[in-house]
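Structure first, commentary second.
The values are calculated or read from the model by the stated rules, or taken from the named source; none is laboratory data. Model, not experiment: these values are computed from the prediction. All Cβ positions, glycine included, derive from the backbone under ideal geometry; neighbour counts span all protein chains shown. Heavy atoms of the whole protein, side chains included, go into the accessibility calculation; ligands, DNA and RNA do not. Shrake-Rupley method; radii C 1.70, N 1.55, O 1.52, S 1.80 Å.
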Amino acid sequence: IVVLFAALNPLTAKEKVFHAETRYFDIIFDEKSKSSAEEIFNCADDLLLELCSQYKVEPDFRIPVVVTSKTENFNAYFTNFNYNHIVVYDTVPDEDFIEFSNNTKSVFLHELTHLVSTNARNGFWRTAGKYFGDTYNPGFYLVMPSFFKEGATVNQESQTGQGRLNDGFFLHNIKQAKINGKFPGYTD
């Protein structure tokens, strides 16, 4: 069935899909997302190597990155379901992203930090992952809860003086909770 759909896809596709390769990334995009794909193409390998150095992870990844404008919300996500990959929704950013000078690069860095931080594993689990796939990563599910994953990425995006930790509007809720004596719990 998969082969049938793959064979029929060129007959039903309305837009041409492009592909660009870097040393570690396969960037897949349509014509509308070309400029965002170029931004990612120009910084992807350098960002990955920098993150791998910080997290002491060997950069032995081949990562598909899909850049698509098929949404109304600017965002992105990383998932290891079936295999490690990143999807970037390329559209006009909303007010949540006003603290970044380069939204595409910043949201890509955020998702790339998820990938690198959750793939920091020892030799045994790395070898197991080669046989069982990226989904088989016990550290992703057991060792690193969601608030650690998000904390790592928010910290990373804020190291340049931008990001949520340097944005007064984002920090307002925490400041107000402290003033009211209702400081959020560690999971928040």
Rounded accessible area of residue 70 (nearest 10 Å², 1.4 Å probe) = 130
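Pairs to check: 56/178; 56/105; 32/56; 16/149; 56/130. Give those whose C-alpha atoms are more than 29 Å from each other in this structure. Working shown, then result.
Numbers: 56/178 35 Å; 56/105 22 Å; 32/56 36 Å; 16/149 35 Å; 56/130 19 Å.
Check vs 29 Å cut-off fails for 56/178; 32/56; 16/149.
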Residue by residue, what Karplus-based ³J(HN,Hα) values in Hz, rounded to whole numbers, does segment 20-32 have, using 6.51, -1.76 and 1.60 with θ = phi - 60° and x for Gly and Pro?
-> 10, 10, 10, 4, 10, 10, 10, 9, 10, 7, 9, 4, 5
Taking amide H positions as placed in the peptide plane 1.01 Å from N, state which residues far from residue 18 in sequence (5 or more) or on other chains have amide H under 5 Å from it.
-> 29, 30
Out of residues 5 or more away from residue 74 or on other chains, whose amide H comes under 5 Å of its own, with H placed 1.01 Å from N in the peptide plane?
-> 94
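Give me the tail of P(r) for segment 14-55 as a percent: Cα-Cα pairs with distance above 15 Å.
Details: 380 of 861 pairs.
Summing the P(r) tail past 15 Å for segment 14-55 gives 44 percent.
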Pull up all non-local amide H partners of residue 135: gap of 5 or more, or a different chain, and H-to-H distance under 5 Å with H placed in the peptide plane.
-> 82
Can you run phi through the Karplus equation (6.51, -1.76, 1.60; θ = phi - 60°) for segment 112-120 and list ³J(HN,Hα) in whole Hz, with x for Gly and Pro?
-> 5, 5, 4, 4, 5, 5, 7, 9, 7
Each residue of segment 64-69 in order: what ³J(HN,Hα) in whole Hz does its phi give by Karplus 6.51 cos²θ - 1.76 cosθ + 1.60, θ = phi - 60°, with x for Gly and Pro?
-> x, 10, 9, 10, 9, 9
Once you put a point 7 Å from the Cα of residue 179 and another 7 Å from the Cα of residue 45, both along the Cβ direction, what distance in nm separates them?
-> 5.0
